[in-house]
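Peer 1: Got a structure for you, questions after.
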Amino acid sequence: MRIAQVAPLAESVPPKLYGGTERVVSWLTEELVTLGCEVTLFASGDSSTSATLVPACPRALRLSRPPIDPAAACAAMLDTLAGMANDFDVIHCHLDWIHLPLMRRLGVPFVTTLHSRLDLLSTLTRRFTSAPLISISDHQRIPLPDLNWVGTIYHGLPEKLLSPRLDLKGGYLAFLGRIAPEKGPDVAIRIARAAGLPLRIAAKVPRAESRYFKEQIRPLLDGDGVDFVGEVGDRDKAEFLGNAAALLFPIDWPEPFGLVMIEAMACGTPVIAWRRGSVPEIIDHGTTGFIVETEAEAVEAVGRIHELDRRTVRAAFEKRFTARRMTEDYLRCFEELSSRRESPLTQEPITRGYAEGASNQAGDL
C-alpha cells in the first residue's frame, strides 16, 4: 500500500525533545515500512525516517533560526502534496483542520487523526462532516459527536523502546510533560511533599508559560525535595521513568490521550492520574495505577503503590499500547478507505463499524 504521512512542522519527526504528535507519527511511519508499506513522509527537513522524506522546510519550525513563517511552510507542504496526491492509495494527515478543503478536492482517499482537544471548537467544523476522522480516545470526540468518526485508535510506542525496571523498590515520584497550569506541576509538588517522597520534574517550559513557571513553579523548587531537570529525550526517558516509584499525572483539562501514561507503563511504572479526559480509558484502576479526584486521594494512592505489580503494568502496555497494535489498527482503516476511492467532493462516510473494531482491539473499557 502506498501511504502518505503528513506531519506537523513544529518539531522534527521524531522530535529531538518534546513533541508527542511528531513522535507518534514517527513510530507509525517506521512500523508501516516494517510491514512492507511504501510510505512517504511529509515533514521538516531535519526529520529522520526509513520512509521517503519530502521536506517542507529545512528545519523544524519551533527551533528554526532564522524563524520560518508557519503558514508559508504549511502552504508549501500542501502544494507539494497536492502535486503528488495520485501517487498514493491513502493520505494520512496530522494537521488538525487546515488541509481539509484541499483534501476534499483531490479525489484521493484521506483520513485525519486529530491529536488536540476539541471542546473549544466552534460550529464551523460542521462544514467538514464528510471528512473521515480518527480520534485518539473516545472521550476526545465527545464535543463533536456528529462528525465522520471512522475509528478510535489509541497511540502505541515501540515495544522495546523503553526497558522496564521490574524490581524497583522505593524511588521518587515523577512528573513528565510540559509546564502549564492545566498539567498541574504545582499539584504534583504538593502531593509529593504531603506523601513525603522526592519529586523529579522533567518538563518543557513553553514560551507562553514562562511567566507561570517563574512566578508559580520556580519558587516551589528546591534541590532536596523537588528537582527540575528540564526536557528529556527518549534516551533519558527510560531511566527517568523506570527509576520512579510512580508517575503523577494531575491534569485539569480534557486530555485527548496522554502519551506519558503509556511511556510510564512501558517502564513498569504505575500512574496516579486525575479522572479527566482519556484517563479512564488508559489506566486500569488498581492494576496499572490509580485514578483519583482530589489531592488527598492522590496522597493516599502514593501510599498504596506497593500494592501494584510492575510486571502487570508492563504486561498491560504490551497488550494494549504497542506501535505494532496501533499500526495494524491504522492499516485496517487505510485498506477500507482505499477500497472506497471516490471522485472529489463525493466521498461518503465509511462504515461506522470500524470504530467498534478499533476500540475492541484496544481493549474493553
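The values are calculated or read from the model by the stated rules, or taken from the named source; none is laboratory data. Treat the numbers as computed from the prediction; the structure is a model and nothing was measured. All Cβ positions, even for glycine, are placed from backbone atoms using ideal geometry, and neighbour counts span all protein chains on display. Just the protein is used for accessible areas: all its heavy atoms, side chains included, with ligands, DNA and RNA removed. Shrake-Rupley method; radii C 1.70, N 1.55, O 1.52, S 1.80 Å.
Peer 1: Using the Kirkwood formula on the Cα atoms of the range 105-210, what hydrodynamic radius do you get, in angstrom to one decimal?
Peer 2: Numbers: mean 1/r = 0.0563 Å⁻¹.
About 17.8 Å, per the Kirkwood formula over Cα pairs.
Peer 1: I'd like to know which of 51, 232, 132 lies farthest towards the positive end of the charge dipole of the chain, counting +1 on Cβ of Lys and Arg and -1 on Cβ of Asp and Glu.
Peer 2: Projecting each Cα onto the dipole axis, the largest value belongs to 232.
Peer 1: Here is a follow-up. Hey, what angle do you get for helix 353-362 against the long axis of the chain, alpha-carbon based, 0 to 90 degrees rounded to 10?
Peer 2: Result, in degrees: 30.
Peer 1: Same structure again: When ligands, DNA and RNA are left out and all protein chains stay put, how many square angstrom of accessible area per residue does the range 41-179 have with a 1.4 Å probe?
Peer 2: Working: 6050 Å² over 139 residues.
In whole numbers, the range 41-179 has 44 Å² accessible per residue.
Peer 1: Can you compute the modelled spin-label distance between residue 48 and residue 315, with each label point 7 Å from Cα toward Cβ, in nm?
Peer 2: It is 3.5 nm.
Peer 1: Would you kindly give the portion of the calculated P(r) for the range 74-163 that falls above 22 Å, as a percent of all Cα pairs? Mind dumping the intermediate values first?
Peer 2: Numbers: 1369 of 4005 pairs.
Considering the range 74-163, 34 percent of its Cα-Cα pairs are separated by more than 22 Å.
Peer 1: Using alpha-carbon pairs under 8 Å, 6+ residues apart, how would you state the relative contact order of the range 232-333 in percent?
Peer 2: Numbers: 138 pairs, mean separation 25.1, N = 102.
Relative CO of the range 232-333 lands at 25 percent.
Peer 1: Counting only residues 5 or more places away or on other chains, whose amide H sits under 5 Å from the amide H of residue 274 once H atoms are built in the peptide plane?
Peer 2: Excluding prolines and chain starts, which carry no amide H, the hits are 249, 251, 292.
Peer 1: Hey, what D do you get for the range 203-258 in µm²/s if you plug the Kirkwood alpha-carbon radius into Stokes-Einstein at 37 °C and 0.692 mPa s?
Peer 2: 243
Peer 1: Can you list the HN-Hα couplings for the range 135-150, worked out from phi with the Karplus curve (6.51, -1.76, 1.60; θ = phi - 60°), rounded to whole Hz and with x for Gly and Pro?
Peer 2: My calculation for the range 135-150 gives 9, 9, 7, 5, 5, 4, 7, 3, x, 10, x, 8, 6, 7, 6, 9 Hz in order.
Peer 1: Using alpha carbons only, how many degrees (0 to 90, rounded to 10) separate the axis of helix 310-320 from the longest principal axis of the chain?
Peer 2: 10
Peer 1: If every alpha-carbon in the range 177-310 counts as one equal scatterer, what log10 I(q)/I(0) does Debye give at q = 0.15, 0.16, 0.22 1/Å?
Peer 2: -0.68, -0.78, -1.58
Peer 1: Counting helices only, and only those DSSP H runs with n ≥ 4, report the 222 nm mean residue ellipticity of the chain as the sum of -39,500 (n - 2.57) divided by its residues, in deg cm²/dmol to the nearest 500. Don't skip to the answer; put the middle values down first.
Peer 2: Numbers: 11 runs with 111 residues, N = 365.
Computed mean residue ellipticity for the chain: -9000 deg cm²/dmol.
Peer 1: Continuing with the same structure: Rank-order 110-119, 67-76, 139-148 by packing density, defined as the average count of other C-beta atoms within 10 Å over each peptide's residues, highest first. Spell out each step's value before the answer.
Peer 2: Numbers: 110-119: 19.5, 67-76: 14.1, 139-148: 16.3.
By packing density, highest mean first, the sequence is 110-119, 139-148, 67-76.
Peer 1: OK, next. Computing the accessible area with a 1.4 Å probe over protein heavy atoms, can you report the carbon and sulfur percentage for the range 39-91? Could the numbers behind the result be given before it?
Peer 2: Values: 1410 of 2460 Å².
Result for the range 39-91: 57 percent of the exposed heavy-atom area is carbon or sulfur.
Peer 1: Give the residues of the range 164-197 whose amide nitrogen is closer than 18 Å to a point set 7 Å from the Cα of residue 17 in the direction of its Cβ.
Peer 2: 175-181, 185
Peer 1: Still on this structure, I have one more. What number comes out for accessible area per residue over the range 226-343 if the probe is 1.4 Å? Units Å², please.
Peer 2: I get 37 Å² per residue for this part.
Peer 1: Would you mind telling me the share, in percent, of accessible area of the range 249-295 contributed by carbon and sulfur at probe 1.4 angstrom? Spell out each step's value before the answer.
Peer 2: Numbers: 510 of 1100 Å².
Looking at the range 249-295 in its full context, I get 47 percent from C and S.
Peer 1: Rg over Rh of the chain, using C-alpha atoms and the Kirkwood radius, what does it come to? The partial results should precede the final answer.
Peer 2: Values: Rg = 20.6 Å, Rh = 21.2 Å.
Ratio of gyration radius to Kirkwood radius for the chain: 0.97.
Peer 1: Now, a different point. In the range 92-154, with Lys and Arg counted as +1 and Asp and Glu as -1 at Cβ, which of these residues, 97, 114, 143, has the Cα nearest the positive end of the dipole, that is, farthest along it?
Peer 2: The Cα lying farthest towards the positive end belongs to 97.
Peer 1: Further question: When the dipole is taken about the Cα centre of the chain, and only Lys, Arg (+1) and Asp, Glu (-1) are charged at their Cβ, what size is it in debye, to the nearest 20?
Peer 2: Numbers: 41 positive and 47 negative charges, 100 e Å.
Dipole of the chain, to the nearest 20 debye: 480 debye.
Peer 1: Kirkwood hydrodynamic radius for the range 1-99: how many Å is it when counted over pairs of different Cα atoms?
Peer 2: Numbers: mean 1/r = 0.0752 Å⁻¹.
Hydrodynamic radius (Kirkwood, Cα pairs) of the range 1-99 is 13.3 Å.
Peer 1: Per-residue HN-Hα couplings for the range 71-77, Karplus 6.51 cos²θ - 1.76 cosθ + 1.60 at θ = phi - 60°, whole Hz, x for Gly and Pro?
Peer 2: Along the range 71-77, the couplings run 5, 5, 5, 5, 4, 5, 5 Hz.
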